[in-house]
Amino acid sequence: MHACVARVRMTPPDRQDTPMENVSKSPDARRDAAQVLRRVADLPGPRAWPLVGNLLQLRATRIHQDVERWCRLYGPLFRFTIGRTPVLVVADHKLVAAILRDRPDGFRRPAVTARVSEELGGAPGLFLAEGTEWRDQRRMAMAGFAPTAIKAYFPALLAVAQRLQRRWAAAAQDGRAIELTDDLKRYTVDIIAGLAFGTEVNTIDGGEDIVQRHLDIIMAGVARRSFSPIPYWRHVRLPVDRRLERSVAALHSAIETLIATARARMAHAPARREQANNLLEAMISAAGQGGSGVDDRAVAGNVSTMLLAGEDTTANTLAWMLYLLQRHPESMRRAQDEVRRIAPDPAAFTIHQMDALDYLDACVQETMRLKPVAPFMPLEALRATTVADVLLPQGGMVWCVLRHDSVDEAHVPNAARFAPERWLEDGAAGAGKGIGTPFGAGARTCPGRYLALLEIKVAMAMLLARFAIASIDTPHGKEAVEWMAFVMSPAGLRMRLRAHQDIA
């Protein structure tokens with residue numbers, strides 16, 4: 001693909017060309033294309049205010065819903081502005097998939113997010129790294145999160161799940177409500193710390209850990225600053241900024257401890273430099289070698305990236321899944337029957353058993369369709385390109401809406417209904433398979449996909465085998481609120497359990 005102008009568009013039924021197509025092969029072609037292309041400013045969209053654009057019409061914690069509402073008004077291609085920056089919104093799943101596949105060469109995460117991270121002293125891990133730096137780190141991460149590595153780690157993952165089981169058994173016996181998302185974050189932090197860093201971080205038994213305590217503050221702070229039209233914090237630091245900076249400092253200290261501990265292990269056992277036992281050791285070893293493309297700064301960046309990504313996304317998917325199952329008793333019963341038939345004893349779980357839980361897997365897929373923890377993805381064009389018939393200049397912003405077609409009746413029958421069985425149909429046609437992209441698409445597909453799905457299955461199978469859910473309530477007694485910070489979470493869910501033997 002040439003670097004001048006690339007085209008992202010829907011392919012008509014009678015055409016067999018790919019979604020990404022070069023439309024600028026000659027001066028005549030460029031001139032003809034320019035006559036039919038629209039600019040972002042030509043698109044429909046909400047009326048903007050001077051200086052602030054549409055920011056006053058967007059609620060930070062509901063921004064995904066506000067943009068989705070505009071999709072219903074203006075269609076799958078429209079524009080809004082953040083400050084003075086025009087943003088092209090793309091909600092058509094074919095166009096979104098083509099854009100995601102054009103990374104890392106055609107699109108990157110917005111540079112403003114990287115600048116905010118750098119201001120806070122962050123180092124680029126896989127999430128923010130670009131170009132050659134990203135490729136060097138990606139190869140290492142893919143090895144660290146490969147199915148073979150995760151299968152070898154499975155006994156340790158199971159031990160974390162059993163700690164969570166004991167914590168929940170105590171809550172059930174005492175009749176205590178469980179702060180659902182908080183406990184699930186303890187579970188995911190403990191797993192990622194063991195797999196990626198070779199360190200036991202027991203937040204389940206030890207209460208609130210320094211890592212978990214500060215991750216939410218940091219993620220919310222980075223998201224807030226990324227959407228701010230004015231970098232006021234460079235001149236005036238509000239209480240929320242001081243709290244953010246304290247959390248960043250605490251996380252940096254925790255990361256330094258993780259790295260120092262790993263270096264000490266490697267010094268004590270030099271063979272680990274040749275055959276690393278986890279991702280952190282592999283990165284430290286690579287940083288000490290020339291030509292690897294990984295340095296000490298990248299090591300620290302990826303430690304924070306793994307913690308941030310590994311904690312929030314999986315924990316909130318689990319929380320949404322439990323909430324939806326509780327609201328659909330027949331689906332809950334079917335999932336519970338499958339678990340108690342195939343994997344009745346959490347102490348003896350195997351990878352084979354988890355792979356055999358087909359209906360539980362369908363519940364995961366249906367949850368990610370209805371409640372994706374990443375319902376949108378902002379990107380920045382690295383070169384002049386077109387999306388359908390809209391010209392997007394180099395540096396132009398595009399907002400990919402990931403939850404639009406997947407909940408649209410035109411693509412998924414009974415789209416608003418939680419129906420896991422649709423994923424068990426032949427070809428999963430009734431689920432609109434291929435429309436959603438919960439783990440991204442293309443080269444930058446999430447490397448932790450296999451681990452995330454396994455974490456979810458193990459936690460759910462443990463819960464369904466050993467407990468009955470008495471209730472999952474919201475603070476206000478109404479439907480769960482979609483709360484957007486770094487990811488979309490259900491606000492304030494509290495769960496009450498009964499032990500399996502207490503079920504009538």
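The values are calculated or read from the model by the stated rules, or taken from the named source; none is laboratory data. The model shown is predicted, which means the values in this text are computed figures rather than measured ones. Cβ sites come from the backbone with ideal geometry, for glycine too, and all protein chains shown count toward neighbours.
Highlighted here are the helices (runs of 4 or more DSSP H) found entirely within segment 272-374 that include at least 1 residues which are at pLDDT 90 or above and under 28 Å from TRP399 (Cα atoms): 296-326, 358-370. Restricting attention to segment 48-82, which residues are modelled with pLDDT of 95 or more, part of a strand (DSSP E or B) and either of a type in the set (Lys, Arg) or surrounded by fewer than 16 Cβ atoms within 10 Å (Cβ to Cβ) (or both)? ARG79 - this is the single residue of segment 48-82 that is modelled with pLDDT of 95 or more, part of a strand (DSSP E or B) and either of a type in the set (Lys, Arg) or surrounded by fewer than 16 Cβ atoms within 10 Å (Cβ to Cβ) (or both). Looking at segment 404-415, can you tell me whether even one residue there is modelled with pLDDT under 90 and either surrounded by 19 or more Cβ atoms within 10 Å (Cβ to Cβ) or not in a helix (DSSP H, G or I) (or both)? No, there is no match, as no residue in segment 404-415 is modelled with pLDDT under 90 and either surrounded by 19 or more Cβ atoms within 10 Å (Cβ to Cβ) or not in a helix (DSSP H, G or I) (or both). Within segment 167-181, the set of residues being touching a residue at least 24 places away in the same chain (Cβ under 8 Å), of a type outside the set (Phe, Trp, Tyr) and assigned to a helix (DSSP H, G or I) comprises ARG167, ALA169, ALA171, ALA172, GLN173, LEU180, THR181.
For VAL390, the stated conditions hold: it is buried (at least 17 other Cβ atoms within 10 Å of the Cβ), touching a Leu at 6+ places or on another chain (Cβ under 9 Å) and in contact (Cβ under 8 Å) with a residue 12 or more places away in the chain. For segment 456-473, the count of residues that are in a loop (DSSP other than H, G, I, E, B), of a type outside the set (Gly, Ala, Ser) and touching a helix residue (DSSP H, G or I) at 6+ places or on another chain (Cβ under 9 Å) is zero.
Pairing residues of segment 213-241 that are closer than 25 Å to ALA315 by Cα with residues that are assigned to a loop (DSSP other than H, G, I, E, B), at Cβ distances under 6 Å and at least 6 apart in sequence or on separate chains, gives MET219/ALA485; MET219/PHE486; ALA220/ALA485; ALA223/ALA485; ALA223/PHE486.
The criterion of being part of a loop (DSSP other than H, G, I, E, B), surrounded by 15 or more Cβ atoms within 10 Å (Cβ to Cβ), out of contact with any Gly (no Cβ under 6 Å at 6 or more places or on another chain) and at pLDDT below 90 does not hold for VAL189.
Just one of ALA384, ALA419, ALA410, ALA347 is aliphatic (A, V, I, L, M) and within 24 Å of ALA480 (Cβ to Cβ); which is it?
ALA419
With the requirement that a residue be under 26 Å from GLN65 (Cα atoms) and touching a Cys at 6+ places or on another chain (Cβ under 7 Å), what does segment 340-395 give you? Those that are under 26 Å from GLN65 (Cα atoms) and touching a Cys at 6+ places or on another chain (Cβ under 7 Å): PHE376, MET377, LEU379.
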